[in-house]
Each structure stands twice: as structure tokens, then as C-alpha cells.
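Comments concern the structure below.
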Amino acid sequence: MTVTRQLDVLLVIRADVAGYPPTINQANLLARRGLRVGVIDLFGSDRGEASLDRAIQRVSVHRQWQSKLEPPFPGWRRAWNWARFRRAVGSTVRRCRPAVVVAYDPHGLVFVPPGQGAHKTVYHFHELPEAEAVMSYGTRRALKKTYDYSSGANLVTFSDTDRARLFADRARLSRAPMVAFNCPARMHERPQSSLAALLARERPGTWKIVGYVGSIGFRQGLIEAAASMRYWPNDSILVLIGPWAPEVRSRIEAEARSCGALERVIFTGPKQHPEALALLAGVDVGLSMIQGTSENFRYSAGAINKRFEYMALGIPQVTTAGSGVTEIMDAASAGHCVPPDSPAEIGRAVTALLADPAERNRMGESARRAHLERFNYEVQFEPIADWIEQACRSS
């Protein structure tokens, strides 16, 4: 499939857009302003549909590597996929003549050099670009081009204020990046939860439910949360919604087993985003911790999707005591901040919320108000959308 008509905005993300709700929100909000929007991305192994407006044209070039489930593709296949993606981007830009091209993260912007063509170039970063101990040749190349290209972009945008500040200094940007927190779109009605039906099949009984949604890894405080179950009430259960690597699941289960709580841990596996939110809507307390093992994780206050998804669903949360997080949580009065590497602190915070339904309700209502008024993507993205629309209208 190819994009077949002229575009105002082309979004280029070298990943399955279904896994990036902020990018979906950007595409939808731009389309709802009457702009003609196209997306070039990859498709997941399940070829699931992203929640894009029907007017948006989407081209998925090849299958995305499932990093938690399979070994890396061989070098020849990576090179072939890279070439296919480059051709798809180049031909779409030439044929559809977008006024603005938005490229996401180093693996997207490497295909969209600034100053080439009549379009304006926007780079949006979900994460802070940073070197890692083990990086492929392609990733090293993309990281270098990130800094070379960004100073020539018409606009740089980020999902977190501290990440934006650090990147602007390192890339020597002449203009500060614009920031839009990774909030969900305004949720006027909470979804009907499907969690009760799942628990009736998997763990029949009456439970106080602690939930987590997102990638299940070593840095999300989930191993510590499992260890903290020794402090939780016996009628509590932990539900983990998202993809996991076998070694991570083993560690979580080992900690839960040491607490005598293994039977109270449920892994649902990955879900499409709307289904994940429907499951999440049935939990009593959410977990949104991140351990600051790198700058990218240390400075992630506005970038953690689940932090704002819990607010939208009216769920109090136990989250990280870190840079920028306290200000967000104080503004929303939405939960407790704890050290993410302390099972005792996590356990006390979870237990306090599970034991106090009135406090959970108060925090949930406050979080919902904060979501509807401030922490939604319509509000967060509006200044960036204004800039893009003006660039399209004046083109």
C-alpha cells in the first residue's frame, strides 16, 4: 500500500505506531484540524490496527523486530529493511509533497534530513537520545545524525521538560524545544472494565487489585513491587499488562514466591492499547515507577504514559520520587511518590491505599479533574499543533 494523495503532514516512525499512543494522538489531532495526514511506520507481529482516524493514510513498510521475544534479525535483513524504509519515505515525500514532515526519534529522523525539499522538518523525541554500552552500527549512526540534524530542524519537540533541556544544551539548539507530556487524549467517559471477567477465569475470588500497564522490564520497579507483596493484605493481587522477557518474569515470580504470593501475580501478556486501558480501568491502585539507571529514565516525569493514563481512569498510583514527578503528582493529588528500589516503601504505600477506600476515591477524583483540565493530549499538544497547522496553511 502507498499514500496516494497529496499530504499536509507526513509522520515517519520506524516502529509500529500502535505501540506509541502519543504519535497516534498527534496524527488524530492534526487530522481533526482538517489537515491531510499520512503515517509511515512498521507493523507488529500481530498486524494489530492502530487507533488512527479513518482519514489518515498509513503505510507499514515491514515487520518490526520483537525485542523481548526474538533474537535480532541477521545483518542482511536489517540492511534490506533499512533500504526499504528509506525508499518508502523518499518516494512518499516526492509524490505527496507534504508541507511538514514529523520524524520520531533517531531511527526516524535519519530518513528525514533537514533542509531537503520544500517541507518544514519537525523532530519529536519520545526519549532522550543517549549512547548505550552495546549499540549496533545502525543505531550508532542514527545517534550521530540526531545531533548533526537537529540544529537544522525547523522545530524540535520532546515529551519531558528535563529531557528537552538536556538535549537542547548538547545539540546546541538555537531554539528551545517545545514539550508535550505523554498524556492520553481527553477521556470524557472511562471504559467499561473487562478485568473482572478475566479474574473470574484466572483467579476467582474477591480481590483488591494492584495493576501495571506497559513494558515489563528490570527498570520499572516491578521486581521490587513483587518483593513488597509481603506487606500487602492477603486479599490483594498484582496484575501486569504488557510484554515481558522470560528472565524478567522469572525474577518477578521468584520474588513473589519468596513472599508466598506467587499465586497472586497475573501476567496478561501484551494487549492492544484500547484493550489494555479497559483492563486497567478495573484496578484499585496503579504502579508507575521507573528506576533512574540512566539519564533517560532519571528524567522521565512527563514521558511515562501510564502515569497519565492512571489519572485519566481515576486510579490512584504509587510512582517514583524523582525529578519533576513530585510537581506533577502534587498538582494532581493523584498518589504517593516512593523510592522505586525499596520494597518496604512500595509495600507501605500500596497497603495504605488499599486500606483506605475513601482516600482512593478522593485521589481518583482529583486525578480525573487534573486529566480533564490539564493532563490530556489536546491541551499538551495544542501549541505544537498550532505551529504545524500554521506551517501547512502558509506553505
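Quick notes on this structure:
- Modelled spin-label separation between Ala118 and Ala344, with each label point placed 7 Å from Cα along the Cα-to-Cβ direction: 6.7 nm.
- Spatially close lysines, pair count over the chain: Cα under 28 Å, gap of eight or more or interchain: 9
- Sites Arg140 and Leu372 - FRET efficiency at Förster radius 45 Å, r taken between beta-carbons, to 0.05: 0.55
- Scaling against 2.2 N^0.38 Å puts the C-alpha radius of gyration of the stretch 195-373 at 0.94.
- Relative to the compact-globule estimate of 2.2 N^0.38 Å, the Cα radius of gyration of the stretch 207-271 comes out at 0.99.
- Overall Cα dimensions of the stretch 79-182, principal axis frame, Å, largest first: 37, 34, 24
- Principal-axis tilt of helix 357-373 within the chain, Cα atoms, nearest 10 degrees: 10
- Efficiency of FRET between Ser323 and Gln272 - r from beta-carbon atoms, R0 45 angstrom, step 0.05: 0.90
- Inter-label distance, nm, simple model (7 Å from Cα along the C-beta direction), Gln6/Asp356: 6.0
- Under 5 Å, built H, 5+ apart or other chain: amide partners of Arg63: Phe43
- Modelled spin-label separation between Ser333 and Val379, with each label point placed 7 Å from Cα along the Cα-to-Cβ direction: 1.5 nm.
- Each eigenvalue of the Cα gyration tensor of the stretch 140-217, multiplied by 5 and square-rooted, gives one semi-axis; in descending order these are 43, 16, 10 Å.
- Between amide H atoms placed 1.01 Å from N, distances below 5 Å from Arg14 occur with Tyr104, Gly108, all of them 5 or more places distant or on a separate chain.
- Over the stretch 76-131, equivalent-ellipsoid semi-axes from the Cα gyration tensor in Å: 19, 18, 7
- Extension gain (nm, one decimal) between Ala200 and Asp148, 0.36 nm per residue minus Cα-Cα: 13.3 nm
- Across the stretch 114-252, Cα-Cα pairs farther apart than 17 Å form 74% of the total.
- Length-normalised contact order for the chain - Cα pairs under 8 Å, 6+ apart - percent: 16
- Phi angles across the stretch 169-177 convert, under the Karplus curve 6.51 cos²θ - 1.76 cosθ + 1.60 with θ = phi - 60°, into 3J(HN,Hα) values of 5, 6, 8, 6, 6, 7, 10, 5, x Hz, Gly and Pro given as x.
- Inter-part distance where the stretch 183-232 and the stretch 351-376 are each reduced to a Cα centre, Å: 16
- Dividing the convex hull volume of the alpha-carbon atoms in the chain by its residue count gives 134 Å³ per residue.
- FRET efficiency for Arg63 and Ala176, using Cβ-Cβ distance with R0 set to 35 Å, rounded to 0.05: 0.40
- Fully extending the segment from Arg257 to Arg230 would add 8.7 nm, taking 0.36 nm per residue of separation and subtracting the current Cα-Cα distance.
- Of the residues Gly19, Gly205, Gly335, the one that moves most in a GNM of the chain with alpha-carbon contacts below 10 Å is Gly205.
- The stretch 99-132 and the stretch 283-299: distance between their alpha carbon centers, rounded to Å: 26
- Only helices enter the 222 nm calculation for the chain: every DSSP H run of n ≥ 4 contributes -39,500 (n - 2.57), and dividing by all residues gives -12500 deg cm²/dmol, rounded to 500.
- Under a 5 Å amide H cut-off, with hydrogens placed 1.01 Å from N, Val179 pairs with Phe158 among residues at least 5 apart or on other chains.
- For the stretch 195-373, relative contact order (Cα pairs under 8 Å, six or more residues apart, normalised by length) works out to 24 percent.
No value in this document is a laboratory result; all are computed from the given coordinates. This is a predicted model, so every value here is computed, not measured. Please note: Cβ atoms are built from the backbone with ideal geometry, for glycine as well, and neighbour counts cover all protein chains shown.
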